[in-house]
Amino acid sequence: MVKGSLVVSNKKKADIVQELTDRGYTALSSKELKQKREKEEGEEENDDESGPKRNYDYLLSMPILSLTLEKVKSLQADRDAKVTILGLGFRA
């Protein structure tokens, strides 16, 4: 994203997830993230393998998710609703 090689603006979340998969990004569960942090901090690991589905939420929960097509459309809809309520003649 910093170099412009991964563009998330105006894309659907499903498309971003597919691109992350195609590029070989690691999908992690929240449990795996916790274990990784504990290992880095020198705490004991829990070897219990049961846990939630692996996904990219650790990446997509960052503020960049606000740039997805869904969020942009939601913000535009909110704007349009408020413009209508206020009776302003704003056109996008």
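The values are calculated or read from the model by the stated rules, or taken from the named source; none is laboratory data. Since we're looking at a predicted model, the values are computed, not measured. As a convention, Cβ positions derive from the backbone with ideal geometry for all residues, glycine included, and neighbour counts pool all protein chains shown.
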> Just for region 25-69: of the residues that are acidic (Asp, Glu) and surrounded by 14 or more Cβ atoms within 10 Å (Cβ to Cβ), which one is modelled with the highest pLDDT?
Replying inline: Asp57
> Here are some conditions: (1) modelled with pLDDT of 80 or more; (2) not in a helix (DSSP H, G or I). Met1 meets all but one. Which one does it not meet?
Replying inline: (1)
